[in-house]
Amino acid sequence: MVAPATPRPTPSRILPRASHYSHFQPAAVGLASDRAAATVSSRRRRNFVFVVNPSGANGRTGKQWKQLLPHLRTRFADQCDICECLTSAPFDAIDITREAIKDGADAVIAVGGDGTLHEVVNGLFCKGSPVHALDRGPDHSTALGLIPLGTGSDFARTFGWTNDPHEAMDRIVRGVKSKLDIGMMEGPDGNRHYFVNVADIHLSAKAGYFSSMYKRFGNLCYVFGALRAFWGHSNQDLRIKVNGGEWRTIPKVTALCIGNAKYFGGGMKITPTADPFGGDLEVVILQDFKWYDFLLKLHRLYGGTHLSVTGVSSIRVQSIEVAEKEVRADIFVQSDGEHFGFLPTKFSVLPGAVDFFC
Ligand SMILES: Nc1ncnc2c1ncn2[C@@H]1O[C@H](COP(=O)(O)OP(=O)(O)OP(=O)(O)O)[C@@H](O)[C@H]1O
């Protein structure tokens with residue numbers, strides 16, 4: 001079998017873009033203009049910024065958001081000013097989030113799938129440090145919220161949440177928050193990048209890269225992506241360094257997955273004991289899997305019962321560095337279903353870094 005050459009993608013690092021966020025002026029961004037004066041004159045009312053990806057889930061996110069907006073206005077009327085920011089391109093959500101925080105937002109709510117949440121999480125940081133409000137004092141912090149409306153919405157599954165925007169709205173109105181861990185990753189260029197759900201390496205990351213090309217087929221995109229990634233795949237010897245210890249070699253790695261939460265790939269419970277409030281990451285390594293192992297063991301991967309399967313191991317870490325044994329610089333790395341780049345990469349946890357509505 002001759003494998004086709006895999007197109008080498010450009011790493012999706014965070015690039016600065018012009019933003020569509022504009023300083024809590026609801027009229028300017030499409031919200032009730034009669035509340036704009038109150039927004040500007042009263043800093044006591046809380047400011048919630050909703051970062052919406054209208055193209056998520058094949059455009060379904062945008063349609064559902066339009067239906068949700070009147071309910072949202074009613075539910076939040078007594079509580080806070082709301083600002084609606086629609087993204088117009090990939091990476092917009094990062095800049096929108098950064099500007100909203102600098103301007104004193106009390107909460108930034110990602111509306112969309114895991115990709116949108118991932119960008120909002122990356123907008124909580126800039127040049128390796130958390131972003132802060134410019135004039136709200138040292139005690140102010142911006143909370144993170146999620147209205148899951150994506151194709152996979154895998155992060156939400158860890159909490160048993162579905163793509164029900166009304167339930168999500170209830171959670172945010174209720175206002176209960178917990179300290180959420182955030183994963184941090186650094187490539188060879190030393191730039192920091194953040195993830196909230198699962199980062200993964202090799203076959204699954206390659207499958208994720210290809211599945212993003214088939215999102216128009218809904219959850220089937222993961223099947224198509226996996227089939228394409230299998231074509232020409234070979235298991236690789238990788239080196240890992242856990243918690244700053246010694247390097248050791250892990251032979252024939254099929255995939256190495258680093259979970260802050262439990263699910264990826266449209267419902268696969270890959271890191272089944274990960275706890276996003278637990279202060280560490282669960283690393284699950286699949287070794288020497290053949291294509292037929294996935295057929296035979298797929299139900300175990302989806303059910304999260306695969307940790308006892310031959311060739312599967314799990315460890316809990318504060319940090320893990322992963323590199324190739326023989327450097328070819330073609331081992332895919334993704335985070336939260338978004339292509340990140342290639343090995344080597346260091347992953348670590350920032351315990352309790354963000355207040356999260358849950
Ligand atoms: N206005 C836009 N136009 C095109 N793409 C966008 C826009 N805004 C954001 N994006 C990109 O869309 C991608 C997918 O978004 P999102 O994760 O919200 O939906 P999804 O892929 O359907 O859901 P999931 O990731 O949960 O499967 C993100 O990588 C993001 O960069």
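Comparing I270, I109, I331, which has the greatest mean-square fluctuation in the GNM of the chain with Cα pairs linked when under 10 Å apart?
I331
From the mean inverse distance of alpha carbon pairs (Kirkwood) and the Cα radius of gyration, derive Rg over Rh for region 107-168.
Taking Rh as the inverse mean 1/r over Cα pairs, Rg/Rh reads 1.05.
Express as a percent, rounded to the nearest 5, the fraction of DSSP beta bridges in region 26-175 (both residues included) that run antiparallel.
Once the DSSP bridges in region 26-175 are tallied, antiparallel ones form about 10 percent.
Could you give the length gained on full extension between L307 and K179, defined as 0.36 nm per residue of separation minus the Cα-Cα distance, in nm?
Length difference between fully extended and current span is 43.3 nm.
Please list, ordered by chain and number, the residues whose modelled amide H lies under 5 Å from the amide H of A353; skip anything fewer than 5 residues away on the same chain.
Residues meeting the amide H criterion: L180, D181, I182.
Okay, helix-only estimate at 222 nm for the chain: each DSSP H run of n ≥ 4 adds -39500 (n - 2.57), divide by all residues, round to 500 deg cm²/dmol; what do you get?
-7500 deg cm²/dmol
Which value in nm describes the separation of the simple spin-label points at K252 and K290, placed 7 Å from the Cα toward the beta carbon?
Spacing of the two 7 Å Cα→Cβ label points: 1.0 nm.
May I ask for the equivalent-ellipsoid semi-axes of region 192-351, computed as the square root of five times each C-alpha gyration tensor eigenvalue and listed largest first in whole Å?
The equivalent ellipsoid of region 192-351 has semi-axes of 22, 18, 16 Å.
Can you give the log10 of the normalised intensity I(q)/I(0) at q = 0.09, 0.14, 0.18 Å⁻¹, computed with Debye over equal Cα scatterers of region 26-175?
For region 26-175 at q = 0.09, 0.14, 0.18 Å⁻¹, log10 I(q)/I(0) is -0.25, -0.63, -1.08.
So what's the gap between the Cα centers of region 313-358 and region 134-163, to the nearest angstrom?
20 Å
Considering all alpha-carbon pairs of region 148-258, what whole percent are spaced by more than 23 angstrom?
Across region 148-258, Cα pairs with separations above 23 Å total 47 percent.
For the chain, what are the per-bin percents of Cα-Cα distances with bins 20 Å wide, up to the bin holding the maximum?
Computed distribution, short to long bins: 31, 56, 13, 0.
Which one of F347, F264, F217 has the biggest mean-square fluctuation once the chain is modelled by GNM with Cα springs under 10 Å?
F217
Please work out the average accessible area per residue across region 192-351, using the 1.4 Å probe convention, and give it in Å².
On a per-residue basis, 41 Å².
Hey, what do the phi angles of region 287-295 turn into as Karplus ³J(HN,Hα) couplings, whole Hz, using 6.51/-1.76/1.60 and θ = phi - 60°, x for Gly and Pro?
10, 6, 7, 9, 4, 6, 4, 5, 5
So if I take the alpha carbon set of region 268-358, get Rg, then get Rh from the Kirkwood formula, what is the Rg over Rh ratio?
My calculation puts Rg/Rh at 0.99.
Can you tell me the FRET efficiency between R328 and D135 if r is taken as the Cβ-Cβ distance and R0 is 56 Å, rounded to the nearest 0.05?
E(calc), rounded to 0.05, equals 0.65.
Of the candidates Y302, Y292, Y263, which one comes out as most mobile in a Gaussian network treatment of the chain with C-alpha springs shorter than 10 Å?
Y292
Need one number: % antiparallel among DSSP beta bridges in the chain, to the nearest 5.
Taking every DSSP beta bridge with both residues in the chain, the antiparallel ones total about 75 percent.
What is the distance in Å between the Cα centres of region 266-307 and region 167-192?
Using only Cα atoms to place each centre, the spacing works out to 22 Å.
Can you pull the one-decimal nm distance between simple spin-label points at R45 and D237, each 7 Å off the Cα toward Cβ?
The modelled label-to-label distance comes out at 6.5 nm.
The values are calculated or read from the model by the stated rules, or taken from the named source; none is laboratory data. What you are looking at is a predicted structure, and each value in this text was computed from that prediction instead of being measured. Quick reminder, even Gly has a Cβ in these numbers, built from the backbone with ideal geometry, and neighbours come from all protein chains shown. With ligands, DNA and RNA removed, areas are computed over all heavy atoms of the protein, side chains included. Shrake-Rupley method; radii C 1.70, N 1.55, O 1.52, S 1.80 Å.
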